[in-house]
1. Plugging the Kirkwood radius over Cα pairs into Stokes-Einstein for region 14-140, at a temperature of 25 °C and a viscosity of 0.890 mPa s, what D comes out in µm²/s?
2. For helix 50-61, what angle does its Cα long axis make with the longest principal axis of the chain, in degrees from 0 to 90 and rounded to 10?
3. If R₀ is 30 angstrom, what is the calculated FRET efficiency for the pair Glu108 and Leu139, using the beta carbon separation as r and rounding to 0.05?
4. In percent, what relative contact order does region 36-120 have, based on Cα pairs under 8 Å that are 6 or more apart in sequence?
5. Considering only Ile32, Thr97, Ser46, whose Cα is most displaced toward the positive end of the charge dipole of the chain, charges sitting on Cβ of Lys, Arg (+1) and Asp, Glu (-1)?
6. What is the antiparallel percent of DSSP beta bridges lying wholly in region 3-133, to the nearest 5?
7. Measure nothing but the geometry: give the 0 to 90° angle between the long axis through the Cα atoms of 127-139 and the longest principal axis through the Cα atoms of the chain, rounded to 10°.
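Bear in mind that the values in this text are calculations on the coordinates, not laboratory data. All figures in this text were calculated on a predicted structure; none of them were measured in a lab. Note that we place each Cβ from the backbone using ideal geometry, even for glycine, and neighbour counts take in every protein chain shown.
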Amino acid sequence: IDLAREYLILAMPASHPLAYLARESEAELPSIDMSLLKDEQYILASKNTNIRSMIDYILNTHNISPNILIETGSSITQFNMVRNGLGIAFLPQSYATPTDGIVYFLPEPHQSWMRAIAYKKGTYISKAEKYLIELFKELI
């Protein structure tokens, strides 16, 4: 069951010299000229993941060979490292919450996936599970 599209976004410490570009924009998720980020320290998702494939596509499109500080399988680790000013990272859009420590951009080309609930065909779904699915549909 498809719930909502989620985009891959770029997270940057609010203290970064280019963070003003997000604050000056009226867009919720403004775009950014990726060429401005060619010399940045990147906190990246682990290799051989779907998100990393999307990240590599964005970076390759802009001919950026990233200066990788760390690769991790944990999005929350990436988020916390950005919040502490250690570099920039690509994160799922659901991590973009109003916070004083991070600004967000929607890099091009846009990369996204569908948030979904999956279950085996023919599986019994209880009344409570059906209610939970309906709640998700309303909230997302």
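1. In µm²/s, the coefficient is 148.
2. Roughly 40 degrees, rounded to the nearest 10.
3. 0.60
4. 33 percent
5. Ser46
6. Around 65 percent antiparallel, to the nearest 5.
7. Its long axis makes an angle of about 30 degrees.
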